[in-house]
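The numbers here are math on the coordinates, done by the rules we state, and not lab data. Quantities reported herein were computed from a predicted structural model and do not represent experimental measurements. Cβ atoms come from the backbone with ideal geometry, glycine included; neighbour counts cover every protein chain shown.
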Amino acid sequence: MKISVSYAHPEKPAWMRLDVDEGCTLRAAIERSGILGRYEDIDLERNKVGVFGKIKPLDTVLAEGDRVEIYQPIVIDPKTAPRRKRGAGAEEDTD
């Protein structure tokens with residue numbers, strides 16, 4: 001069965017095609033791809049993974065044509081992003 005594995009590393013992104021057996025899981029596909037040896041920053045206990053943009057557990061069984069994705073960890077809380085845009089020294093109106 002044909003699938004692909006992708007990792008959106010900011011400096012050296014990867015996308016590879018892979019043939020796997022029926023019943024292959026996300027974890028098995030990632031390990032078989034060899035991507036863990038190419039990127040030391042991937043930690044399957046920390047990085048979220050998914051298929052076609054939907055986060056899935058590592059034991060998810062893949063289907064023909066699936067695109068396995070390894071996501072970068074979020075480094076900023078989305079709730080604080082608007083405050084950062086207003087400026088570091090800006091005070092909020094309390095009236």
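When Lys and Arg each count +1 and Asp and Glu each count -1, what net charge do the other residues less than 14 Å away from Gly50, Cβ to Cβ, add up to?
Summing Lys/Arg as +1 and Asp/Glu as -1 gives +2.
Run the numbers for Ala63 and Lys2: contour at 0.36 nm per residue of separation, minus the present Cα-Cα distance, in nm.
Roughly 21.1 nm would be gained on extension.
When Lys and Arg each count +1 and Asp and Glu each count -1, what net charge do the other residues less than 14 Å away from Ala28, Cβ to Cβ, add up to?
Neighbourhood net charge equals -3.
Of all the C-alpha pairs in the range 2-81, what % are more than 16 Å from each other?
Within the range 2-81, distances greater than 16 Å cover 48 percent of Cα pairs.
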